[in-house]
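Working notes, beginning with the structure itself.
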Amino acid sequence: MIQVENLTKYYGDLAAIKDVSFNVDKGEILAFLGPNGAGKTTTMRILTAYMPPSAGSAQVAGYDVFHDSLEVRRRVGYMPETVPLYPEMTVRSYLDFVARLRGVDDCRKRVEAVMETCHVADYAETAIGKLSKGYRQRVGLAQALVHDPEVLVLDEPTIGLDPKQIIEVRELIRSLGGERTIILSTHILSEASQVCGRVVIINEGQIVAEDTPERLTARLKGGERVYLQVSQPSAELEAALRAIEGITTVEAKGDGGYEVESVLGADRRTEIAAAIVKGGWGLLEMRPVGMSLEEIFLKLTAE
């Protein structure tokens, strides 16, 4: 659905993005993850035919963003970081205005449908300027959906929202997946793991990783980690754990807790449990430990 190859954009002598390449399948929700200034918004603007690239190519729904920009715009719904809302217009009149600009056939029916989808129908006759930040974001999402696009490009859709509003907008975005291909640009790591099935991490204008959160964890953590807690911690226990084949580190965490790491692909939980039971140390808890997206992000983007 979206194919990006060696995309590059210069502002003067500065390369905002350089040789960016990734694909997004139909119906997939992809997180485009990176710190502020990494090149996320520049990439989003190119994919929505808002501006041309300096080099490379990008196709959206089978159309080239440079040579077929009008066709791309017909098939893309774009919600920029700062949504272009008119505060003096009501929700209904604004969406009707956008629908007419988009050439929607039955504007009234489509506006009603998209207001229901984005849960703003109760505020149809309310001036946008009187809405809360969360509801203005919903209206911004509604304007991106009003022409029923195949692809949605959302640039920081939850920025500035309170926790309750963030959860509501995330649930709404998740509900739109499957029917539409969605690229979600964000620097909020928890958002990527909760909403998206795959992440592309960009730093200083270049892609540094692309995979599912689970696979990124497996690639970067270097081994299998488990946390365990016993009722009788001791130095003898640590020695017994280190003696198990494949165990590389044993780290005491206090209150009878230990973090044990084995070589990648070696699940030693059975041997660990057996050793603890045999030694009479009293196994209270044992669970796998993965890297958070925060840890992955910091490891990939560190100097």
Item to check | Subset of the range 107-124 (residues that are crowded, with 21+ Cβ neighbours inside 10 Å, closer than 29 Å to Ile46 by Cα and over 22 Å from the mean Cα position of the chain (by Cα)) | outcome: Val111, Val114, Met115
Next on the checklist: Among the residues that make up the range 50-71, is at least one of them touching a residue at least 40 places away in the same chain (Cβ under 8 Å) and part of a helix (DSSP H, G or I)?
Outcome noted: no
Checklist outcome for this item: Picking from Gly34, Gly39, the residue that is touching a strand residue (DSSP E or B) at 6+ places or on another chain (Cβ under 6 Å), within 21 Å of Ile173 (Cβ to Cβ), buried (at least 22 other Cβ atoms within 10 Å of the Cβ) and not acidic (Asp, Glu) would be Gly34
Checklist outcome for this item: Across (1) of a type in the set (A, V, I, L, M); (2) in a loop (DSSP other than H, G, I, E, B); (3) within 14 Å of the chain's Cα centre (by Cα), Leu30 clears everything bar (2)
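Select from the range 125-144 the residues that are buried (at least 16 other Cβ atoms within 10 Å of the Cβ) and not in a helix (DSSP H, G or I) and list them in ascending order. Break it down stepwise before answering.
Taking the range 125-144 first, the residues buried (at least 16 other Cβ atoms within 10 Å of the Cβ) are 128, 131, 134-144.
If the condition is that a residue be buried (at least 16 other Cβ atoms within 10 Å of the Cβ) and not in a helix (DSSP H, G or I), then Leu131 is the only one that fits.
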Checklist entry - Does the range 145-163 hold any residues that are under 18 Å from the mean Cα position of the chain (by Cα) and outside any loop (DSSP other than H, G, I, E, B), and which are they? => result Val151, Leu152, Val153, Leu154, Asp155, Pro163
Item to check | Conditions (1) of a type outside the set (A, V, I, L, M, F, W, C); (2) assigned to a loop (DSSP other than H, G, I, E, B); (3) touching a Lys or Arg at 6+ places or on another chain (Cβ under 8 Å); (4) more than 23 Å from Ala144 (Cα to Cα): number failed by Thr8 | outcome: (2)
Item to check | Index of the failed condition, Ala142 passing every other in (1) within 30 Å of Glu271 (Cβ to Cβ); (2) among the hydrophobic types (A, V, I, L, M, F, W, C); (3) in contact with a Cys (Cβ under 6 Å, 6 or more places away or on another chain) | outcome: (1)
Checklist entry - Based on what the data block shows, is Asp13 over 23 Å from Gly62 (Cβ atoms), over 14 Å from the mean Cα position of the chain (by Cα) and of a type in the set (D, E, K, R)? => result yes
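Every residue, every condition in (1) closer than 20 Å to Met286 by Cβ; (2) at pLDDT 90 or above, yes or no:
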site: Leu154; (1), (2): no, yes
site: Arg170; (1), (2): no, no
site: Gly177; (1), (2): no, no
site: Pro213; (1), (2): no, no
site: Gly223; (1), (2): yes, no
site: Gln229; (1), (2): yes, yes
site: Ala252; (1), (2): yes, yes
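Among the residues of the range 33-42, which ones are part of a helix (DSSP H, G or I) and in contact with a Gly (Cβ under 9 Å, 6 or more places away or on another chain)?
Within the range 33-42, the subset part of a helix (DSSP H, G or I) is 40-42.
Across the range 33-42, the qualifying residues are Lys40, Thr42.
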Item to check | Residue selected from the range 73-89 under the condition among the charged types (D, E, K, R) and assigned to a loop (DSSP other than H, G, I, E, B), by the criterion surrounded by the most Cβ atoms within 10 Å (Cβ to Cβ) | outcome: Glu81
Checklist outcome for this item: Of the candidates Ile188, Ile167, Ile173, the one satisfying the condition of being touching a residue at least 12 places away in the same chain (Cβ under 8 Å), assigned by TED's automatic domain parsing to the domain that holds Thr117 and more than 21 Å from Val91 (Cβ to Cβ) is Ile188
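The values are calculated or read from the model by the stated rules, or taken from the named source; none is laboratory data. Computed from a predicted model, the values in this text were never measured in an experiment. So basically every Cβ, Gly included, is an ideal-geometry build from the backbone, and we count neighbours across all protein chains shown.
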